[in-house]
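Read through the structure below, which is laid out as structure tokens, and then see the notes.
None of the figures in this text is laboratory data; all of them are computed from the coordinates on show. None of these values were measured; they are calculated from a predicted model. Cβ placement follows ideal geometry from the backbone for every residue including glycine, while neighbour counts extend to all protein chains displayed.
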């Protein structure tokens, strides 16, 4: 089972100064519209060949997000299969982030 974190929980981790890596698995066109600051873009379809690019500290939480949380859940599941246990899914994706945390993030 993939751990699920709400945008509130992710935001609280970041506010608390926890090590958080934000992985955006949307497409480049979506990333161009909006993104979370400091996020890394690796589209879901490229994740199998590119996940090795991620520099993931053992004490960091790897938060995978997309538009609504469906692709990111698949991405987090894939990362778990590769042994990356600290990968979590952000439920609701950037859509919920925009609605609940930062309304300045454009919605589409």
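Hey, fewest Cβ within 10 Å first, where do 15, 70, 56 land in order?
15, 70, 56
Using a 10 Å cut-off around each Cβ, can you sort 14, 1 from fewest to most neighbouring Cβ atoms?
Placing the least packed residue first, the sequence is 1, 14.
What's the exposure ranking of 108, 65, going from fewest to most Cβ atoms within 10 Å?
Exposure proxy ranking, most exposed first: 108, 65.
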